[in-house]
Amino acid sequence: METDSTGTAADISVQAATGYAGDIAPALAWQWQQAGQAVLVDVRTDAEREWVGFVPGAVPLSWKLWPGMALNAGFDAALKAAVPAGTKVVFLCRSGVRSVDAARRATELGLEAYNILEGFEGDADEQAQRGKQGGWRMRGLPWMQK
């Protein structure tokens, strides 16, 4: 097992899932993206990426649109345009929920799709705050904020 930038063990395995290729740890998603093996698609809203932060090089493609959180009618076409044939796609959202829906839809479209566990911010703690229990940022993976 490898370690991430915080010195924590980084799971590099794929966990079985229903309706898409599998669930993966944030570190594996970053490894695949850096190696050109996968396109990382951030399905959070534009507002979330703007206010909370984003992953450099990720494709920004909202699954649902702020403020009403209606499904993005342009999702399918934009996803097909963003992911070259034969390339995996890994989906990132806030906590790993919307990204499951996106991975299932991508699979229906014929793509090899994975969900990134923990999402960008991880689970909420006992104070209902995110960013302390898992997630892309907490794992020390690259991200930026405007």
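The values are calculated or read from the model by the stated rules, or taken from the named source; none is laboratory data. A quick note: this is a predicted structure, and the numbers were derived from the prediction, not measured. When we count neighbours, we look across all protein chains shown, and the Cβ atoms used for this are built from the backbone with ideal geometry, even at glycine.
Only a single item in (1) touching a residue at least 60 places away in the same chain (Cβ under 8 Å); (2) outside any helix (DSSP H, G or I); (3) over 12 Å from Ala25 (Cα atoms) is not met by Gly135, and it is number (3).
Number of residues in the range 54-68 that are surrounded by fewer than 16 Cβ atoms within 10 Å (Cβ to Cβ) and either out of contact with any Pro (no Cβ under 7 Å at 6 or more places or on another chain) or basic (Lys, Arg) (or both): the value is 4. Selection of the range 73-118 for residues being assigned to a loop (DSSP other than H, G, I, E, B) and crowded, with 17+ Cβ neighbours inside 10 Å yields Val83, Cys93, Arg94, Ser95, Gly96, Leu111, Glu112, Leu117, Glu118. For the subset of the range 48-72 comprising residues that are assigned to a strand (DSSP E or B) and of a type in the set (A, V, I, L, M), which member is nearest to Ile116 (Cα to Cα)? Among residues in the range 48-72 that are assigned to a strand (DSSP E or B) and of a type in the set (A, V, I, L, M), the one nearest to Ile116 (Cα to Cα) is Val59.
Might you let me know whether the range 34-47 holds any residue that is assigned to a loop (DSSP other than H, G, I, E, B), at pLDDT 95 or above and basic (Lys, Arg)?
yes
Restricted to the range 124-136, and to residues there that are under 19 Å from Trp51 (Cβ atoms) and modelled with pLDDT under 90, the residue that is surrounded by the fewest Cβ atoms within 10 Å (Cβ to Cβ) is Ala128.
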